[in-house]
Ligand code: NAP
């Protein structure tokens, strides 16, 4: 039986790239999405074309019932779960904190923090050796914003990713002995649709040339780091946070 992973937010962007690369490297992939069923179906087809098995699973990571159901569906589809790419995340339209509504802050923290923690919890419940699991790996998708702060754009989003970094370190120390490695990537400026969702479709094109490598990154370049951290090639890497940001 091939090893299987759940990729939250696997329908588009970085999650999609990670799902396709993982499929090509032999993983069976559960592709989670929240609203864009067509994109999820397209990613499933691309994973299958790359040689992997795949299934699309709808669910909002901010909903505990949805998260439990998506892990159950992954197990039902593939018979086992060996990894989680904790990738689903959102930005709200660019704003100074002084102008941000409570509803906006709540949604950013619900999806990016509560969602990531819930998914990590469900993954550990199923993968930890002390709970009958076979061990596994979690890769959290943080952001360089956690370090840079997101001033004038999204200080709330940056803080949510700071929480993801802290969870990475703490959970790695908590469950390493249980056979579960926990690591994170911090993408920099990556060409995906997230910038348009924040009201700045040109953001990657504008900021890319200001990075030390002179360009924005691709989703595939982040996917490579994610799939490496998932793999046995990273078997002694635990609690690490890998910047994939051109040195920005
Ligand atoms: P994206 O292109 O906007 O894709 C977002 C993905 O997340 C989609 O698959 C979307 O599903 C899913 N999603 C959104 N809300 C969800 C929810 N509540 N429950 C489940 N799935 C949900 O974003 P991206 O740029 O690939 O970002 C992926 C991750 O990388 C995020 O955590 C983001 O913070 C982080 N990141 C991105 C950048 C960048 O420059 N792109 C930089 C640093 C960090 P639907 O298709 O159904 O909408």
For residue 63 and residue 42, calculate 0.36 nm times their separation in residues minus their Cα-Cα distance, and state this gained length in nm to one decimal. 5.1 nm
Rounded to the nearest angstrom and ordered from largest down, what semi-axes does the equivalent ellipsoid of segment 72-119 get from its C-alpha gyration tensor (root of 5λ)? 32, 9, 8
In degrees between 0 and 90, to the nearest 10, how far off the longest principal axis of the chain does helix 37-49 point, with axes built from Cα atoms? 60 degrees
Cα long-axis angle, helix 155-175 against the chain (0 to 90 degrees, to the nearest 10): 30 degrees
Rounded to two decimals, what is the ratio between the C-alpha radius of gyration of segment 138-205 and 2.2 N^0.38 Å? 1.28
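Under the 0.36 nm per residue contour assumption, what length would be gained going from the current alpha-carbon distance of residue 107 and residue 236 to full extension?
Gain on stretching residue 107 to residue 236: 42.9 nm.
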At 1.002 mPa s and 20 °C, Stokes diffusion of segment 71-206 via Kirkwood alpha-carbon radius, µm² per second: 135 µm²/s
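Give the Kirkwood hydrodynamic radius (Å, one decimal) of the chain, defined as one over the mean of 1/r across all pairs of different Cα atoms.
17.7 Å
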Spin-label point model (7 Å from Cα, Cβ direction): what's the residue 178 to residue 196 distance in nm? 4.0 nm
Could you work out the helix-only [θ] at 222 nm for the chain, with each DSSP H run of four or more residues adding -39,500 (n - 2.57) and the total divided by the number of residues, to the nearest 500 deg cm²/dmol? -13000 deg cm²/dmol
Report the calculated FRET efficiency for residue 166 and residue 80 (r = Cβ-Cβ distance, R0 = 35 Å), to the nearest 0.05. 0.75
Give the residues of segment 223-248 whose amide nitrogen is closer than 15 Å to a point set 7 Å from the Cα of residue 213 in the direction of its Cβ. 223-228, 242-248
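Bear in mind that the values in this text are calculations on the coordinates, not laboratory data. All values derive from a computational prediction rather than experimental measurement. All Cβ positions, glycine included, derive from the backbone under ideal geometry; neighbour counts span all protein chains shown.
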